[in-house]
1. From the list PRO309, PRO329, exactly one residue is at pLDDT 95 or above and out of contact with any Asp or Glu (no Cβ under 6 Å at 6 or more places or on another chain). Which is it?
2. So which residues in segment 562-572 are open to solvent by 10 Å² or more (accessible area, probe 1.4 Å) and touching a Phe, Trp or Tyr at 6+ places or on another chain (Cβ under 9 Å), if there are any at all?
3. Which count do you get for residues in segment 327-366 that are among the aliphatic types (A, V, I, L, M), assigned to a loop (DSSP other than H, G, I, E, B) and open to solvent by less than 10 Å² (accessible area, probe 1.4 Å)?
4. Restrict the check to segment 231-242 and report whether at least one residue is open to solvent by 50 Å² or more (accessible area, probe 1.4 Å) and under 14 Å from GLN3 (Cα atoms).
5. Against the definition (within 29 Å of the chain's Cα centre (by Cα), in a strand (DSSP E or B) and in contact (Cβ under 8 Å) with a residue 24 or more places away in the chain), how does LYS372 come out, yes or no?
6. Looking at LEU486, is it more than 16 Å from ILE439 (Cα to Cα), of a type in the set (A, V, I, L, M, F, W, C) and surrounded by 22 or more Cβ atoms within 10 Å (Cβ to Cβ)?
7. Look through LEU531, LEU486, LEU515, LEU543 and report the one residue that is touching a Ser or Thr at 6+ places or on another chain (Cβ under 6 Å), on the phi < 0 side of the Ramachandran plot and aliphatic (A, V, I, L, M).
8. Within segment 173-199, how many residues are touching a strand residue (DSSP E or B) at 6+ places or on another chain (Cβ under 6 Å), open to solvent by 10 Å² or more (accessible area, probe 1.4 Å) and modelled with pLDDT of 75 or more?
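The values are calculated or read from the model by the stated rules, or taken from the named source; none is laboratory data. Predicted model, so just to flag it, every value in this text is computed and none were measured. Every residue, glycine as well, gets a Cβ built from its backbone with ideal geometry; the counts of neighbours run over all protein chains shown. The area values use the complete protein model at the heavy-atom level, side chains included, leaving out ligands, DNA and RNA. Shrake-Rupley method; radii C 1.70, N 1.55, O 1.52, S 1.80 Å.
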Amino acid sequence: MIQGIGAASGVAIGKAFVLPAWEWDVPDRRMEKVDLAKEFERLYEGIRTSKTEIEVMKNEIRETVGAEESSIFDAHIAILDDPVFMSEIQGIIERQYKAAEVAVKEAIDHFVTMFDLLDDEYMKERALDIKDVGNRLLKHLLGTPEITLPSDTQPYILVAKELSPSQLVHLNPENVLGMVTMSGGKTSHSAIMARALGIPLVSGLESLTEEPLSTGDLLIIDGDEGTVYREPSRALLEQFNRIAEEQRLRKEQLQLLASVDAVTKDGYRMRLAGNISSVKDVEQAVKYGAEGVGLFRTEFLYMDRSAFPSEEEQFEVYRQVVEAAGGHPVVIRTLDIGGDKQLEYFPLFEEENPVLGFRAIRISLDEAEMFKTQLRALLRASAYGQIKILYPMIHTLEEVRQANALLEEAKQELLRRELPFNKDIETGIMIEIPAAAAIADLLAQEVDFFSIGTNDLVQYVLAVDRMNEKVAHLYHPYHPAVIRLLRQTVLAAKEAGISVSVCGEMAGDEKALPLWLYLGVTNLSMSPQSLLRVKHRILNSTLAEGMEQGKHCYTLTTTEEIEAALTRWTKS
């Protein structure tokens, strides 16, 4: 048994297929000075071809795992546009007269070595992105075919030193039982995509295996416990076959709950909605029993383009989403770009801390015409169903009033064009900044609903970047400060008589249910994959017991105590 890191849950049993490392042999080749222009043209052509290929892969994977996970490839395109990375390559060609492929290989090695020396797992993961992009560019410069996965239909457990997003794009989930990587962890892109595809993954085995795994080895992997068993005994195989069968049956049983209302054993009704990024996501959410859309991330409409989408384009997408929701409410968040979500055609100035900088509603209010284009599209789509407009990253009353003033302008413009819309459309705000939670009672007077975005709220309250492995262990959704702010926000909403929902990851965490039952939160929105699991927990709980447990959590003083109490309740 080898103990690694459980990066994507589930059990898999099967023969290993070891993927050779995607690294090219690049002999040192130098150029004559007169040939430099030609070499630069080879480089630029390789970059153009690589970008086109990455865009195609992004569109392919978006159909499988959704828009949010496919945005991983935006980072890859950004590397090819990065002036520092490109300057390094160009400098080697120009100063040392080296061939383009030699310069690319040296630049990759330089940056990967630099990142690997940092004692920061997050930066080590980003080094893999540079290798992936660089190797793709090398492939085109060398004219070498990339390493492919087995083409037969025999299922296997994929084993690799590391798995790049480019390699994962072409995985057939029907053939890949599970995955094992020597490097990586829970925040790696391979882990994100494995979870989205529902494939068990164990990572971080590099320093733990005395002899490497080989193609044909019989393996058991447990993505929950992070364990890998090589050539297991008959007894162990029987044990894990039972576990795998239990997991399969559980999935089948959960799917039967799709058409069942989320009601506790003592009759308390809750409503579960889906977080989506595309029309396709709505269909998946409805399949898993979502009662509408609690969060539509519209920024993905603005990506993979050369200009802002028109009013007509946006209207068509919003109309399709609301019609696909089958009469259920659809909460649509206005544009939330900036930070880690950049648009090529709308360059933002460089910031020391972009996550706390010019982004989301701040951009929308600064770019009023662009914002009104989106608002008009949303208003027009509201004639086809229950649309609610959600403003992100609000932290002052002034921002809400400015946004609503622009909404009124958009309404007047549509009236002049004699286009139909819901004149009483509801507006709400994301509670994701501590300042908004602190003045929730004031903000509640200005809007029709709150939507609590727990992901950002937790990291802002605790000053912890959850994607940074160095401090990720400090990211605790059940910190006393977090649950106190949740209570403060919900109480403010109730006192003002407005509705409140939760749309962050805590909504999809079964452990949090007692908090929502105690606070009286009946609307939860989550990734489609979490809907049936949370509904199963609701169906097997009672309001009375949940409220008692939730109330108890507010008497506890440490994160550990709160999380332990909620875990015990979930397993009871």
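1. Details: PRO309 fails: at pLDDT 95 or above.
When all the criteria are applied, what remains is PRO329.
2. So the first thing to find is which residues in segment 562-572 are open to solvent by 10 Å² or more (accessible area, probe 1.4 Å), and the list is 563-564, 567-572.
Across segment 562-572, the qualifying residue is only GLU563.
3. Taking segment 327-366 first, the residues among the aliphatic types (A, V, I, L, M) are 330-332, 335, 337, 343, 348, 355-356, 360-361, 363, 365.
Add one more test, that the residue is assigned to a loop (DSSP other than H, G, I, E, B), and what stays is 335, 337, 348, 360.
From the residues that got through so far, the ones that are open to solvent by less than 10 Å² (accessible area, probe 1.4 Å) too are 335, 337, 360.
Count: 3.
4. So in segment 231-242, the residues open to solvent by 50 Å² or more (accessible area, probe 1.4 Å) come out as 231, 233-235, 238-239, 241-242.
Then keep just the ones that are under 14 Å from GLN3 (Cα atoms); that gives none.
No, that holds for no residue.
5. On the way: within 29 Å of the chain's Cα centre (by Cα): yes; in a strand (DSSP E or B): no; in contact (Cβ under 8 Å) with a residue 24 or more places away in the chain: yes.
Taking the combined requirement at face value, the residue does not satisfy it.
6. Details: more than 16 Å from ILE439 (Cα to Cα): no; of a type in the set (A, V, I, L, M, F, W, C): yes; surrounded by 22 or more Cβ atoms within 10 Å (Cβ to Cβ): yes.
No.
7. Details: LEU531 fails: touching a Ser or Thr at 6+ places or on another chain (Cβ under 6 Å); LEU486 fails: touching a Ser or Thr at 6+ places or on another chain (Cβ under 6 Å); LEU515 fails: touching a Ser or Thr at 6+ places or on another chain (Cβ under 6 Å).
Going through LEU531, LEU486, LEU515, LEU543 in turn, just one is touching a Ser or Thr at 6+ places or on another chain (Cβ under 6 Å), on the phi < 0 side of the Ramachandran plot and aliphatic (A, V, I, L, M): LEU543.
8. Of the residues in that region, 2 qualify.
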